[in-house]
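Worksheet: one structure, shown below.
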Amino acid sequence: MSAPLLRLRRALPIASRVCRRAYATAPSTTSLPPPRLNYKNISENVVYKATNAMNRKCGVTLDDVQDVARTHKEVKAVTNQLNALRNTRSMIGERIRRAAQQKDERGKEVAMFEATNVKKEIAMLEDKLASLEQQLLRLALAIPNDTHPDAPLGPEDAAVTLSTHGPNPIPADPKRDHVAFCKKFGLLDLESGATVSGTSWVYLTNEAALLELALTNYALSIAVRHGFTPVMPPDVVRADVAHRCGFQPRDDQASQIYDVSTPTSSSQDLILAGTAEIPLAGMFANKIFPSTSLPRKVVGLGHAFRAEAGARGADTRGLYRVHQFSKVELFAVTDAESSEAMMAEMASIQTEILRGLGLSLRVLDMPTEELGASAYRKTDIEAWMPGRGKWGELSSLSNCTDYQSRRLHIRYRPQALAAAAGTTTPLPAGALPFAHTLNGTAAAIPRLIVALIENGITFDEAGEATGLALPEALKPFWLQASTPRIPISWT
């Protein structure tokens, strides 16, 4: 008998669908405990949290943050009542035991009557507390991470250029359009992609397929050289894990993801990962690391699936925005003090990878409205694409501080030097801090192909495209086609 067919469809918005169900009293879609959010910090910084959310245009209002503070206060009040009643129950239990020992039937009867009433009160308060805690978690999950004080305020065009690299941009030229070039030399099959899968699904063929392989291995080689452990993660993840990583899209159109749950596993809410960041983060979930073992650095090769690609009415031609693409992803776990240094290290690796390709680059400090829910700070690297006549994003890098780790339960055990013995003494489990996580693109393959083709096309004297110049850095990773479709020169 054949296996059940996967139901591949555009799912409900992940932010609403998962938030509604993931942390209810029913068993979670993963084995992870509910997120441990810092309600005290939210309650003590209501104005900042609301202003921060407003700056990030994430739909959280002052009233929403005040609701968190009010609900947290109510949770503490009910918890105190419960603790008092549980203490009373213990004392009544002791009275019952003494009455039984003293054969005081009247005293025992009175105490048992009181115990019954206290038990009912405790049950009612426990139900009330559970409901309040669910409400508190639901409200607080919508609040985004804090924002680095140096992050620019405003929309995308408020981004600040931190640095530029590579040669001066060549003039915009429609003759350098990557789609026309790929069609001329048989490097891209859009028609078959549309027939088999739909619009914005593509086949890379001939030298374009070889270019993907070369770019992948090139980026991996640099990351591994810098101490990142190579990982081949799954492309299918549970929606709960994606939500815990902070994927809370801003609008319903952009929030559509691909649901691949089978009829027998629909309760698991399996989806196609929008980025390898999700399964890489999940590798560290519900784990405690000795601080001496940090940072943990991994580089993963995965396929990114974006159901919203092509739905925004811009950048839909060719390879720039597609539903599926290969991506090499950097991911790191650090202690709380080291994440900014790790961000600088990862930024240096990204720059090394892209500078080695000879592209015209600019590094941008992204403004508040471009930060996802999890990012404390985010930088992008863009390359000049002369065929498109504009800059295009190649990579991004985010420091998520403890936003993801509080949801995924990634903690570490600091080591304190014992004063006399000269040995290390671990802190008690209850004092364990949450780690910081960072993620960054090492290579988003289709956009790199766009940039390399549009900057590398060679022309004859008549202005006709005749070949492609590729960076020398890719040559060690190049597999020569048996019947080349296009002349390749190495520069």
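The values are calculated or read from the model by the stated rules, or taken from the named source; none is laboratory data. As the structure is a computational prediction, the values presented were derived from the model and not from experiment. Counting neighbours? That spans all protein chains shown, and the Cβs are built from the backbone with ideal geometry, glycine included. Side chains included, ligands, DNA and RNA excluded: accessible areas come from the protein's heavy atoms. Shrake-Rupley method; radii C 1.70, N 1.55, O 1.52, S 1.80 Å.
Summing +1 for each Lys or Arg and -1 for each Asp or Glu among the other residues whose beta-carbon sits under 14 angstrom from that of A336 gives -2. Surface composition of the chain: carbon plus sulfur atoms contribute 54% of the solvent-accessible area (1.4 Å probe, protein chains only, all chains present).
Sorting K119, K76 by solvent-accessible area of protein heavy atoms yields K119, K76, largest first, with a 1.4 Å probe.
Based on the alpha-carbon gyration tensor of the chain, what equivalent-ellipsoid semi-axes (square roots of 5 times the eigenvalues) come out, in whole Å, largest first? Please report the intermediate quantities before stating the final value.
Details: eigenvalues 561, 119, 90 Å².
Those come to 53, 24, 21 Å.
Largest to smallest in accessible area, the residues Y48, Y258, Y376 fall in the order Y48, Y376, Y258 (1.4 Å probe, all protein chains included). Between N38 and A344, the modelled labels are 2.2 nm apart [label points 7 Å from Cα along Cα→Cβ]. Sorting the Cα pairs of the stretch 277-417 by distance into bins of 5 Å, from 0 upward, gives 2, 8, 15, 19, 21, 15, 9, 6, 3, 1, 0, 0 percent per bin. One chain, two ends: H303 and T458. Fully extended at 0.36 nm per residue, the span grows by 52.7 nm beyond their Cα-Cα distance.
Given in Å, the Rg to one decimal and the Dmax to the nearest whole number for the Cα atoms of the stretch 330-399 are 13.2, 43.
Residue pairs exceeding 25 angstrom between C-alpha atoms, taken from K73/K128; K119/K287; K183/K390; K175/K390: K119/K287. Rolling a 1.4 Å probe over the heavy atoms of the protein chains gives the chain an accessible area of 48 Å² per residue. Seen from D104, the other residues with C-beta closer than 12 Å to its C-beta sum to a net charge of +4, counting Lys and Arg as +1 and Asp and Glu as -1. Between the stretch 431-464 and the stretch 324-341, the alpha-carbon centres lie 17 Å apart.
For F185, F331, F247, what's the largest-to-smallest order of accessible area, 1.4 Å probe?
Numbers: F185 25, F331 0, F247 70 Å².
Descending order: F247, F185, F331.
Distance between the pseudo-spin-label points of S90 and K128 (7 Å out from Cα toward the beta carbon): 2.2 nm. Mind checking the angle between helix 105-141 and the chain's longest principal axis? C-alpha axes, 0 to 90 degrees, to the nearest 10. Roughly 20 degrees, rounded to the nearest 10. Taking every protein chain into account, the 1.4 Å probe leaves W384 with about 40 Å² of accessible area, to the nearest ten.
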